[in-house]
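Structure first, then comments.
The values are calculated or read from the model by the stated rules, or taken from the named source; none is laboratory data. This structure is a prediction, so every number in the text was calculated from the model and none was measured. Counting neighbours? That spans all protein chains shown, and the Cβs are built from the backbone with ideal geometry, glycine included. Please note that ligands, DNA and RNA were not included when accessible areas were found on the heavy atoms of the full protein model with its side chains. Shrake-Rupley method; radii C 1.70, N 1.55, O 1.52, S 1.80 Å.
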Amino acid sequence: MNWIKVLTQDELPPQERKVVKVEQRAILLLHHDNQIYAVENSCPHLGLPMRKGKLTEDGAIICPFHRSAFDLRTGNIKEWSPFPPGIGKVMGMMSKEKALAVFPTRVDEGSIWVGLQ
């Protein structure tokens, strides 16, 4: 595992989010429920940005465009392209169902680190 320092802890206050560039990847950092998560900032459905995705009480992030939902911890799909009504499922067939990439994080000596393989 290659650990990369991305921010100081102060740069990501509770309930905030920030996109950082890590080795050619745009990674969305989220400070949610006293935990720091790192996920790919593009939805695996059509590659649209996840930055403004809604966070749910059960620990998911929902794509703001077609409302695909992914578990923040594992990236597993909770729901695939249910929006817009009536054609969302057809839109979902435009790409194969695929989990959202997630990355391990750690906080060490006041800095946030992301692990890449």
Problem set entry | Backbone HN-Hα couplings from phi across region 29-42 [Karplus 6.51/-1.76/1.60, Hz, Gly and Pro as x] | 9, 10, 9, 10, 6, 6, 10, 9, 10, 9, 9, 4, 8, 9
Exercise. Top to bottom by accessible area (1.4 Å), largest first, where do Met50, Met1 land?
Worked result: Met1, Met50
Seminar exercise, completed: With the 8 Å Cα cutoff and a minimum separation of six or more residues, the chain has a relative contact order in percent of 28 percent
Exercise. Using modelled backbone amide H atoms (1.01 Å from N, in-plane), which distant-in-sequence or interchain residues come within less than 5 Å of Met50's amide H?
Worked result: Ser42, Cys43
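Once neighbouring chains are kept in place and the probe is 1.4 Å, which whole percent of the accessible area of the chain is contributed by carbon and sulfur?
Within the chain, the accessible surface is 50 percent carbon and sulfur.
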For this session: Among Trp80, Thr105, Met1, flag the residue with its Cα farthest along the positive direction of the charge dipole of the chain, charges on Cβ as +1 for Lys/Arg and -1 for Asp/Glu.
Result: Trp80
For this session: For each pair in Lys5/Lys78; Lys54/Lys98; Lys21/Lys96; Lys18/Lys96, compute the distance between the two Cα atoms and list the pairs where it is over 23 Å.
Result: Lys5/Lys78; Lys21/Lys96; Lys18/Lys96
